[in-house]
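**Q** Handing you a structure now.
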Amino acid sequence: MKKPFKLLIPLFLVIVSLSFSAKAQKYEALIITGQNNHYWQGSSVVIEGILNNSGMFNATIVTTPSKGEDMSGFQPDFSKYDLICLDYNGDHWPENTKANFVDFIKKGGGLVVFHASDNSWGDWEEYNRMIGVGGWGNRTEAHGPIIYWEDGKFKKDKSPGKGGRHGKQDEFIVHTRMPDHPIMRGLPTQWLHTKDELYHSLRGPAKRMKVLATASQPKDRGGSGRQEPVLMVIKYGKGRVFHSVMGHTGNKHNNTTLDAGFMTTYLRGAEWVVTGDVTQKVSGDFPDAQTVKIWEDMKVPE
Ligand code: ZN
């Protein structure tokens with residue numbers, strides 16, 4: 001009877017040391033930016049800070065050539081990363097880079113997109129499948145229906161027209177719609193997001209997509225009056241995608257749309273696309289439905 005016990009101790013030590021090394025391991029994130037109709041020079045640095053300050057990610061920024069410049073040298077090695085974070089709305093990448101990107105996600109890589117990254121590449125079918133829905137970029141009914149939320153589920157509006165609109169910048173209440181999804185677990189059912197553009201009339205294939213949260217803006221403020229998707233997850237091949245429409249960054253003096261709600265859901269989405277689960281605790285300083293919270297130092301307080 002002594003032998004099995006002797007074997008168990010080293011086995012236990014191996015398990016303990018493995019779990020410690022797994023905790024110490026950071027997920028490698030590649031932030032791709034360089035073209036956007038928003039102030040990407042600021043937002044990408046904030047995204048990098050949010051990811052790195054979490055202690056869970058090791059984020060690196062790569063910048064594409066500027067609009068209209070030769071793209072042929074843009075050849076990132078996606079295989080070195082666990083997830084790709086897009087802060088990009090611009091020119092097409094070289095065909096082999098696009099093929100490698102598709103391959104990376106299809107084989108199980110993670111993708112996180114926010115705000116105007118869902119405006120990019122309306123004519124790239126595979127990208128539209130990854131992000132579920134998008135706006136502008138000449139998207140029309142040919143790219144898929146308009147998605148909105150009603151009666152406890154997302155619905156498809158197949159009427160013709162352009163995809164993508166937004167009203168005036170307002171604060172808006174985010175409604176959690178899938179409280180049991182790992183990204184939403186522990187978050188309040190409603191919280192206030194800071195002054196931001198609320199996209200509406202987003203269109204796309206919306207296949208293998210779940211709407212995690214919605215928000216609404218009245219028509220007299222330029223909104224749709226409907227509950228619009230603001231947080232989504234999409235399965236693409238074996239890969240997972242997290243899509244947040246929040247995060248307008250209009251000028252270099254204003255990154256405050258990347259508030260507590262944005263940061264929290266972004267980080268939770270980033271973990272989920274890598275592992276399919278979320279281990280992060282929700283901050284005790286997370287906003288309620290009455291008060292906006294800005295975490296200035298890009299760090300989630302306990
Ligand atoms: Zn915007």
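The values are calculated or read from the model by the stated rules, or taken from the named source; none is laboratory data. All of these numbers come straight from a predicted model, not from anything done at the bench. Cβ: placed from backbone, ideal geometry, glycine included. Neighbour counts: every protein chain shown.
**Q** Considering only residues of the range 111-141 that are over 13 Å from the mean Cα position of the chain (by Cα) and among the hydrophobic types (A, V, I, L, M, F, W, C), which is farthest from residue 257 (Cα to Cα)?
**A** 124
**Q** In the list 55, 42, which residue meets the criterion of being under 20 Å from residue 258 (Cα atoms), loosely packed, with under 15 Cβ neighbours inside 10 Å and not β-branched (Val, Ile, Thr)? So that I can check it myself, show each step before the final result.
**A** On the way: 42 fails: loosely packed, with under 15 Cβ neighbours inside 10 Å.
The match here is 55.
**Q** Every residue in the range 191-209 that is at negative phi, away from the ligand (no atom under 16 Å from the Cβ) and surrounded by fewer than 17 Cβ atoms within 10 Å (Cβ to Cβ), please.
**A** 207
**Q** Another question about this same structure. Which condition from (1) surrounded by fewer than 20 Cβ atoms within 10 Å (Cβ to Cβ); (2) among the small types (Gly, Ala, Ser); (3) away from the ligand (no atom under 16 Å from the Cβ) is the one that residue 34 breaks?
**A** Tallying (1) surrounded by fewer than 20 Cβ atoms within 10 Å (Cβ to Cβ); (2) among the small types (Gly, Ala, Ser); (3) away from the ligand (no atom under 16 Å from the Cβ), residue 34 fails exactly one: (1).
**Q** Follow-up. With respect to the numbered conditions (1) within 23 Å of residue 274 (Cβ to Cβ); (2) part of a helix (DSSP H, G or I); (3) more than 16 Å from the ligand (Cβ to nearest atom), which one is the sole condition not fulfilled by residue 43?
**A** All conditions pass for residue 43, except number (3).
**Q** State whether the residues of the range 89-110 include one that is small (Gly, Ala, Ser), surrounded by 22 or more Cβ atoms within 10 Å (Cβ to Cβ), modelled with pLDDT of 95 or more and under 14 Å from residue 232 (Cβ atoms). I'd like the intermediate steps shown before the answer.
**A** Initial filter on the range 89-110 (small (Gly, Ala, Ser)): 90, 99, 108-110.
From what's left, surrounded by 22 or more Cβ atoms within 10 Å (Cβ to Cβ): 90, 109-110.
This time we only want the ones that are modelled with pLDDT of 95 or more, so: 90, 109-110.
Next cut, under 14 Å from residue 232 (Cβ atoms) only: none.
So far as the range 89-110 goes, no, none of its residues is small (Gly, Ala, Ser), surrounded by 22 or more Cβ atoms within 10 Å (Cβ to Cβ), modelled with pLDDT of 95 or more and under 14 Å from residue 232 (Cβ atoms).
**Q** Give me a count of the residues in the range 55-71 that are touching a Pro at 6+ places or on another chain (Cβ under 9 Å) and in a loop (DSSP other than H, G, I, E, B). Walk me through it before giving the result.
**A** Within the range 55-71, the first condition is being touching a Pro at 6+ places or on another chain (Cβ under 9 Å), and the residues that meet it are 62, 71.
In the following step, the residues that additionally are in a loop (DSSP other than H, G, I, E, B) were identified as 71.
The qualifying residues number 1.
**Q** Can you tell me how many residues in the range 238-255 are part of a loop (DSSP other than H, G, I, E, B) and either closer than 25 Å to residue 105 by Cα or within 13 Å of the ligand (Cβ to nearest atom) (or both)? So that I can check it myself, show each step before the final result.
**A** Step one: of the range 238-255, the residues part of a loop (DSSP other than H, G, I, E, B) are 238, 245-250, 252-253, 255.
Next cut, either closer than 25 Å to residue 105 by Cα or within 13 Å of the ligand (Cβ to nearest atom) (or both) only: 238, 245-250, 255.
Residues meeting the conditions: 8.
**Q** Considering each residue of the range 152-204, count those that are among the charged types (D, E, K, R) and not in a loop (DSSP other than H, G, I, E, B), and give that number. Can you show your working first?
**A** Start the filter on the range 152-204 by keeping residues that are among the charged types (D, E, K, R), which leaves 153, 155-158, 162, 165, 168, 170-171, 177, 180, 185, 195-197, 203.
Then drop every residue that is not not in a loop (DSSP other than H, G, I, E, B), which leaves 153, 155-157, 165, 170-171, 195-196, 203.
Residues flagged as among the charged types (D, E, K, R) and not in a loop (DSSP other than H, G, I, E, B) within the range 152-204 amount to 10.
**Q** Among the residues of the range 114-146, write down those that are out of contact with any Asp or Glu (no Cβ under 7 Å at 6 or more places or on another chain), part of a helix (DSSP H, G or I) and within 16 Å of the ligand (Cβ to nearest atom).
**A** Result: 115, 116, 118, 119.
**Q** While we're here: Kindly provide the set of residues from the range 147-177 that are within 15 Å of the ligand (Cβ to nearest atom) and either out of contact with any His (no Cβ under 9 Å at 6 or more places or on another chain) or of a type in the set (A, V, I, L, M) (or both), ordered by number.
**A** 168, 170 - these are the residues of the range 147-177 that are within 15 Å of the ligand (Cβ to nearest atom) and either out of contact with any His (no Cβ under 9 Å at 6 or more places or on another chain) or of a type in the set (A, V, I, L, M) (or both).
**Q** Criterion first (assigned to a loop (DSSP other than H, G, I, E, B) and closer than 21 Å to residue 211 by Cβ) does residue 265 satisfy it?
**A** On the way: assigned to a loop (DSSP other than H, G, I, E, B): no; closer than 21 Å to residue 211 by Cβ: yes.
Spelling it out, it is not the case that residue 265 is assigned to a loop (DSSP other than H, G, I, E, B) and closer than 21 Å to residue 211 by Cβ.
**Q** Would you please name the residue that is farthest from the ligand (Cβ to nearest atom), looking only at residues in the range 256-291 that are among the β-branched types (Val, Ile, Thr) and more than 30 Å from residue 107 (Cβ to Cβ)? Give the derivation first.
**A** Initial filter on the range 256-291 (among the β-branched types (Val, Ile, Thr)): 256-257, 264-265, 273-275, 278-279, 282, 291.
Then keep just the ones that are more than 30 Å from residue 107 (Cβ to Cβ); that gives 256-257, 282, 291.
Details: 256: 13, 257: 8, 282: 27, 291: 23 Å.
Looking at residues that are among the β-branched types (Val, Ile, Thr) and more than 30 Å from residue 107 (Cβ to Cβ), I get 282.
**Q** While we're here: Which one is surrounded by the most Cβ atoms within 10 Å (Cβ to Cβ) among residues in the range 263-295 that are over 14 Å from the mean Cα position of the chain (by Cα) and among the charged types (D, E, K, R)?
**A** For the range 263-295, the residue satisfying everything is 293.
**Q** Counting only residues that are hydroxyl-bearing (Ser, Thr, Tyr) and touching a Gly at 6+ places or on another chain (Cβ under 6 Å), how many does the range 250-265 have? If you could, list the steps in order and put the result at the bottom.
**A** Initially, the range 250-265 is screened for residues hydroxyl-bearing (Ser, Thr, Tyr), giving 256-257, 264-265.
Cutting the leftovers down to touching a Gly at 6+ places or on another chain (Cβ under 6 Å) gives us 257.
Residues in the range 250-265 being hydroxyl-bearing (Ser, Thr, Tyr) and touching a Gly at 6+ places or on another chain (Cβ under 6 Å): 1 in total.
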